[in-house]
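Visitor: After the structure tokens below, expect a handful of questions from me.
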């Protein structure tokens, strides 16, 4: 078992020699010697080969199988931390049974028989084997040792509880692994001999992915390979490992192997995340609610594993840690995700607008930045779907002391090209009047009755970059919201990442009448805007949306640099959003503690390299701001949930505003 609850599984399909158990055992031993894994899984009947036919019943093959099994048991002493599961036929009373033997540290810990035998179409297992039944003995004698036997066995290995099923068991309406999961198994394994037919590989993926999701478990699957007889069937050695609804890794398919000149083994190794599975089961109440349906009492086999310096786990993690968990990795997945998100956002807004008058003005503050642009794109889609005039949308630009020519130009052009109503309100005079009434010196600058917005703007250019003034920022934000609230039904623009960090002014950009971006993380906003640019528009609008997506993220509340460029870049103040979104996902979705998040971050490949000091500092910022700003999240406007993470206080995330962060 590696650090932070990861459990390493190897699924292997060696090249078998049909009816040659000794040679097959040697091939398995080579895999065992090459793996630094907690669990190694081999296919169904892999010790003999699945395609032995009537040879299974011969005394010679049975003796050779037991001798080969002893080879594996003896060799397992050299890797005391490993558990090996191998498929083989064994005689039980007066029958031959298709079984899985669990081997660890020089012992056979238990044997599990197959529950469901396929005897249809190309399968004829009922000719050779008897299926498991309630009449089976609880113990069998094998290699001179009394060994636990039955479908009621679960195997405990550190934090892993292993449940076993064999091939067809997964294909039935209620697989044995479902019961095993309810009884506590978090690692489900399947020894299989699934032949290749058109479309069957995808069928396997779907079954394994969905079963791992239903059971909130890891699911490892090893299928017989091309060494099997090809008299009537072809086997591809398809090996897969899934975790709670996602395929972590799989071997090459038969199509990928077709060009090979000779059969070759397939091996897949992945670290599954038992800590994440434990968290997901704890927070999924319906999983626990299903336990009363369990109709079987299981026997737990506590396996003793040695630990020696030579077998200590490598610190490397054999697992892809997604640096951008909110953003799909492939372009096709990303496009499908963006389209689905736009549909959810627009549908939510359509429902809300349906309760208002058809002449109600939808007011949006357009800044020329990412979030307000996304909100406008959703509003356009909603009013178009409802066949309302685009003039129902009022795009309001409110330039202030931090507004740059770049963003103001983007905002104005966006309003013009999308044909919505336009209004511009320069807020600088209103802000100046407020500073006077508060007797406030903005950024330390003296103001008097002769100060004008233009003279204050000129003086601000000389203020050092590091100068801070929260009142100066908040006044601008609150005046903008006041103006919006008097212009119509205000559509909020703030995203989920800003909510997590409290990167908003309370009762200013924090507030609206409906917020379509409320559960969109910042790392995804940019992709949504670019997707809309490329799929919903063309020409100048497409170019403009890409320009906006490429603009540095900024609230533009502090004055620009002397050359007119953005001075206040958000990520320079609080750290990279790709880090904050990574932290947010693993903290809220999976309940990870600080050390575990830090460990995962150091194994992720971010767009820009982040050294340990940067990761640590940004993680400190994340937790500090996340805890301090729950009071803002506790009173956010309505808005649609679109993904697996949401911070809505009415739905996914309920947290006291005054919780202490020391333990985190």
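What follows draws every value from the coordinates through simple rules; no lab data is involved. Nothing here was measured: the structure is a model prediction, and the numbers come from that model. Here Cβ is always computed from backbone atoms with ideal geometry, including for glycine, and neighbour counts include all displayed protein chains.
Visitor: Full extension from residue 506 to residue 562: what is 0.36 nm times the residue separation minus their Cα-Cα distance, to one decimal in nm? Intermediate results must be reported in sequence, preceding the final value.
Guide: Numbers: separation 56, 0.36 × 56 = 20.16 nm, distance 2.96 nm.
Answer, rounded to one decimal: 17.2 nm.
Visitor: Next up: For a footprinting-style exposure proxy, rank 416, 571, 466 by other Cβ within 10 Å, fewest first.
Guide: Details: 416 13, 571 16, 466 5.
Ordered from fewest to most neighbouring Cβ atoms within 10 Å, 416, 571, 466 come out as 466, 416, 571.
Visitor: Before rounding to the nearest 500, sum -39500 (n - 2.57) across all DSSP H runs of length at least 4 in the chain and divide by the residue total; then give [θ] at 222 nm in deg cm²/dmol. Show your work: numbers first, answer last.
Guide: Details: 21 runs with 236 residues, N = 664.
Theoretical 222 nm ellipticity from helices: -11000 deg cm²/dmol.
Visitor: Please give the FRET efficiency for residue 361 paired with residue 482, using the beta carbon to beta carbon distance and R0 = 22 Å, rounded to the nearest 0.05. Intermediate results must be reported in sequence, preceding the final value.
Guide: Working: r = 16 Å, r/R0 = 0.73.
That pair, residue 361 with residue 482, gives E of 0.85.
Visitor: Report the gain in length on full extension from residue 550 to residue 264: 0.36 nm times residue separation, minus Cα-Cα distance, nm rounded to one decimal.
Guide: Working: separation 286, 0.36 × 286 = 102.96 nm, distance 4.78 nm.
That pair, residue 550 and residue 264, stretches by 98.2 nm at full extension.
Visitor: Sticking with this structure for a sec: Obtain the nm distance between the two label points defined at residue 124 and residue 623 by a simple spin-label model: each point lies 7 Å from its Cα along the Cα-to-C-beta direction.
Guide: The modelled label-to-label distance comes out at 6.4 nm.
Visitor: How high is the FRET efficiency from residue 653 to residue 536, r the C-beta distance, R0 25 Å, rounded to 0.05? If you can, show how the numbers build up before the last one.
Guide: Working: r = 32 Å, r/R0 = 1.26.
For R0 = 25 Å, the calculated efficiency reads 0.20.
Visitor: Find the Cα radius of gyration of the chain, compare it with 2.2 N^0.38 Å by division, and give the number to two decimals.
Guide: Values: Rg = 31.2 Å, N = 664, 2.2 N^0.38 = 26.0 Å.
In units of the 2.2 N^0.38 Å rule of thumb, it is 1.20.
Visitor: R0 = 56 Å: FRET efficiency of residue 198 with residue 451, Cβ-based, nearest 0.05?
Guide: The pair residue 198/residue 451 has a calculated efficiency of 0.10.
Visitor: In degrees, nearest 10, range 0 to 90: what is the angle between the Cα axis of helix 522-535 and the longest Cα principal axis of the chain?
Guide: It is inclined by approximately 80 degrees.
Visitor: Quick check on the stretch 331-567: take the gyration tensor over C-alpha atoms, sort the square-rooted eigenvalues as a ≥ b ≥ c, and tell me if it's rounded (a/c under 1.5), prolate or oblate.
Guide: Because a/c hits 1.5 or more and a/b exceeds b/c, the stretch 331-567 counts as prolate.
Visitor: Now a separate question. Can you classify the stretch 3-311 as rounded, prolate or oblate using the Cα gyration tensor, where a ≥ b ≥ c are the square roots of its eigenvalues, rounded means a/c under 1.5, and otherwise it's prolate if a/b beats b/c and oblate if not?
Guide: Taking the square roots of the gyration eigenvalues as a ≥ b ≥ c, the stretch 3-311 is rounded.
Visitor: Helix 274-283 against the longest principal axis of the chain: what's the angle in degrees, Cα atoms only, rounded to the nearest 10?
Guide: 70
Visitor: Then there is this: Take each of the peptides 350-358, 596-604, average the number of other beta-carbon atoms within 10 Å over its residues, and list them starting from the highest.
Guide: Details: 350-358: 13.3, 596-604: 18.6.
Highest to lowest by the protection proxy: 596-604, 350-358.
Visitor: Further question: Helix 612-628 sits at what angle to the longest principal axis of the chain, using alpha carbons and giving 0 to 90 degrees rounded to 10?
Guide: Compared with the principal axis, the helix lies near 70 degrees.
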